[in-house]
Amino acid sequence: MTASAFTWEFAGTSDTGRTRPGNEDAIAWDAAFGLALLADGMGGYEGGEIASNLAIKTALESFRKPLAPHWREAEWAQKVSEPVLKLYAAVSEANQRVNDTARKQTRYEGMGTTFLAAYFHENRATLAHIGDSRIYLWRNLALKQLTVDHTMIQERIESGEITAQDAASDAYRGVLTRALGVDPVVEVDMRQVTTQAGDIFLLCSDGCYDMLAYSEMTAIMSACQEDPQQLARQLVRQANDNGGYDNISAVVVRVG
């Protein structure tokens, strides 16, 4: 936590689910720095697990250190706020670390991971997003998705090729158009949200939101909004009860 009129309560849980042999998801948070992270690895069980955990570890290490001077030298860096620059640097360093590891160790070739980061400071949340893990905001008893999936399906929906209702059975389901670690440089979607007391930010993997109807998610958010740890556990528990076909992860941040 930092000096602010707001406080932030962090909680989360990650589960293998009912069908996967291991957990390729990774979650972490640092309340002292106001940072929450989630990653969902890809590239086979071993590669996916390495990618997600390495990305989280590197981003945390980077974020906890002072911003390296070279990040301020680019012309574009003069046009963004310090929180955006600091978070972008952490995500970029995580991408480079995963990519370097995949190139040097052939058994990890092609590995990558989705990546979510939420940095809470003053009255804002600075968000970074790559892949199809999602960030939601619960405010005034309404749940709003703050990220747009980087998937073939999302592109097909936006182009009008298919409808959102067709997406569940589309052949391109699960195909990412962007992931951390696959290339030396990755494009990161970033945005800032002004926070309010009572806001709840939910970072979750597709194994969580794919297994829950919107009505189920909102019912759980409403019932557990005063207890972030119970909220995270209940979301994961319900996703498992609905089939648990993938790893399931949820990180909850409650603004006080």
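A short reminder: the numbers here are calculations on the coordinates, not readings from a lab. Predicted model, so just to flag it, every value in this text is computed and none were measured. Please note: Cβ atoms are built from the backbone with ideal geometry, for glycine as well, and neighbour counts cover all protein chains shown.
Remarks
- Conditions (1) surrounded by 16 or more Cβ atoms within 10 Å (Cβ to Cβ); (2) out of contact with any His (no Cβ under 6 Å at 6 or more places or on another chain): number failed by Gly131: (2)
- For first residues located in segment 109-134 and touching a residue at least 12 places away in the same chain (Cβ under 8 Å), partners that are of a type in the set (Asp, Glu) and outside any loop (DSSP other than H, G, I, E, B) and lie 6+ apart or on another chain with Cβ distances below 6 Å form the pairs Thr114/Asp40; His129/Asp189; Asp132/Asp206; Ser133/Asp40.
- Gln238 vs. criteria among the polar types (S, T, N, Q) and out of contact with any Ser or Thr (no Cβ under 8 Å at 6 or more places or on another chain): yes
- Glu9 falls short on exactly one of the conditions (1) within 14 Å of the chain's Cα centre (by Cα); (2) part of a strand (DSSP E or B), and that condition is (1).
- Which listed residue, of Ala250, Ala232, is closer than 14 Å to Asp15 by Cα and part of a strand (DSSP E or B): Ala250
- Some residue of segment 168-189 being aliphatic (A, V, I, L, M), touching a Leu at 6+ places or on another chain (Cβ under 7 Å) and under 19 Å from Thr126 (Cα atoms): yes
- Residue in segment 25-43 that is among the charged types (D, E, K, R), out of contact with any Ser or Thr (no Cβ under 9 Å at 6 or more places or on another chain), farther than 30 Å from Thr106 by Cβ and part of a loop (DSSP other than H, G, I, E, B) present: no
- In segment 12-24, residue farthest from the chain's Cα centre (by Cα) [restricted to those that are farther than 27 Å from Gln196 by Cβ and assigned to a strand (DSSP E or B)]: Asp15
- Residue satisfying condition, being out of contact with any helix residue (DSSP H, G or I) (no Cβ under 6 Å at 6 or more places or on another chain), of a type in the set (Gly, Ala, Ser) and touching a residue at least 12 places away in the same chain (Cβ under 8 Å), within set Ser215, Ser205: Ser205
- Cβ-Cβ under 7 Å pairs, at least 6 apart or on other chains, segment 31-54 side of a type in the set (Ser, Thr, Tyr), far side surrounded by 20 or more Cβ atoms within 10 Å (Cβ to Cβ) and part of a strand (DSSP E or B): Ser52/Asp25; Ser52/Ala26; Ser52/Ala39; Ser52/Asp40; Ser52/Gly41; Ser52/Thr113
- Whichever residue in segment 64-101 is among the acidic types (Asp, Glu) and either in contact (Cβ under 8 Å) with a residue 12 or more places away in the chain or over 17 Å from Ala39 (Cβ atoms) (or both) and, among such residues, is surrounded by the most Cβ atoms within 10 Å (Cβ to Cβ): Glu93
- For segment 108-125, the tally of residues that are surrounded by fewer than 24 Cβ atoms within 10 Å (Cβ to Cβ) and not charged (D, E, K, R) stands at 5.
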